[in-house]
Structures are given as structure tokens and as C-alpha cells.
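A.B. asks: Following this message is one structure expressed as C-alpha cells.
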Amino acid sequence: MARRKHSKIERELPPELVEEINARLVEGHTYQEVADWLRQMGHQVSKSSVGRYGKDFLARLERLRIVRDQARAIVEDNADRPATELNEAASALASQLITEALLAAGDAGQGLDKKVTEAIKALALLERSAVARERLKLEFKQKAEAAVKQIEQTAQKKGLDPETLAIIKEQIYGII
């Protein structure tokens, strides 16, 4: 039997109260402390309910921290690379996360709810941007190759020595 997606906290409490619960969990309050606080606020939520919700919430939070760290590493490792490559890496990471979310939704036996549908749309947008990025890279490469041919022709007309021309071409192809 699949676990319920929404806890009592998500189903029955107002969003601003859930945000306060999240903040308390992040601050390190125990599940018992949160449950006691909720009872003081007039909501009968057990320590077990808080624990189930907290475990799921903190796991998602940790996953977001890992993703943030991965994104930071991608940026730092590719600081000198073209923006298209950084965008490609970020898209790949986002695509992986969306795919994981879709697989998790399927494993939990959920139907196509609004969030899953939005994730599918986001994945489609990522794929569309990937196609546009590849088209941009191809156009750039074609223009660069055309520029190299023009440089070769001009260099031959002006009598530039072949060694210097080879160095120029090597530098240009290093960028492409």
C-alpha cells in the first residue's frame, strides 16, 4: 500500500501555520515541541503526525540543499566556459530532478495531479530550450567556420605566413 502524499499537517492546517512549522523544524525544534506548540495554537496534531511530516519535509529540504550545492559546483567549475554550457548543465540538473519527481509520483501510485502535470510541462520546456540551445551552438559554429575561411582568404591575399595563420586558426577553433 502506497504512503499518503499529504500529511494531516498539509491537509488540515493553514499554509501560514505550515510555514511556521517548517521554520521551527529548520531551527531544530523537536517533533514533540512542535506538537505541543500546535496544541497551544488549538490544533490537535500528534507528535507522530509532526514526525511523519517533519521527516518528509527535512528530506526534501536536504535534497534541495544538495541540488543547490551541485548547481554551485557547476557554476564554479565552469566559470570560464561559454554560457550555453552552463545553461546546458543547469538544464540537465533540472531535468534530472523533474524526472526523479515524476518517478516518485509514479511509485507512490499517484495519478496525474496538478503538480505532476506542471512537472511534465516543465520538462517539455527544458527539452525545447535544449533544442534551441543546440541550434544556437550550431549556428555559432557555422559562422565561426565561415569567418575562419574569410580570414584564410584575406591572409593569403595579404601574404600572411602559414605558421601565423595556423596559430590564428588554432586559437579560433579552441573557442568553438
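The values are calculated or read from the model by the stated rules, or taken from the named source; none is laboratory data. If you're wondering where the values come from, they're calculated on a predicted model, not measured in any experiment. With ideal geometry, Cβ positions are generated from the backbone for all residues, glycine too; neighbour counts draw on all protein chains shown.
A.B. asks: For segment 150-161, give me each residue that is of a type outside the set (S, T, N, Q) and either surrounded by 11 or more Cβ atoms within 10 Å (Cβ to Cβ) or on the phi > 0 side of the Ramachandran plot (or both).
C.D. replies: Across segment 150-161, the qualifying residues are ILE151, GLU152, ALA155, GLY159, LEU160.
A.B. asks: Quick one: what pairs do we get from segment 130-153, first residue over 15 Å from ILE172 (Cα atoms), second part of a helix (DSSP H, G or I) and among the aliphatic types (A, V, I, L, M), C-beta under 6 Å, 6+ apart or different chains?
C.D. replies: Nothing qualifies.
A.B. asks: Could you tell me whether segment 11-31 includes any residue that is polar (S, T, N, Q) and modelled with pLDDT under 90?
C.D. replies: No - not one qualifying residue is present in segment 11-31.
A.B. asks: Pick out the one residue from LEU17, LEU25 that is touching a residue at least 24 places away in the same chain (Cβ under 8 Å), over 27 Å from the mean Cα position of the chain (by Cα) and outside any loop (DSSP other than H, G, I, E, B).
C.D. replies: LEU17
A.B. asks: Among the residues of segment 162-176 satisfying the criterion of being aliphatic (A, V, I, L, M) and touching a residue at least 12 places away in the same chain (Cβ under 8 Å), which is surrounded by the fewest Cβ atoms within 10 Å (Cβ to Cβ)?
C.D. replies: Among residues in segment 162-176 that are aliphatic (A, V, I, L, M) and touching a residue at least 12 places away in the same chain (Cβ under 8 Å), the one surrounded by the fewest Cβ atoms within 10 Å (Cβ to Cβ) is ILE175.
A.B. asks: Residues in segment 110-129: is at least one at pLDDT below 85, over 30 Å from ASP56 (Cα atoms) and part of a helix (DSSP H, G or I)?
C.D. replies: Checked segment 110-129: at least one residue is at pLDDT below 85, over 30 Å from ASP56 (Cα atoms) and part of a helix (DSSP H, G or I).
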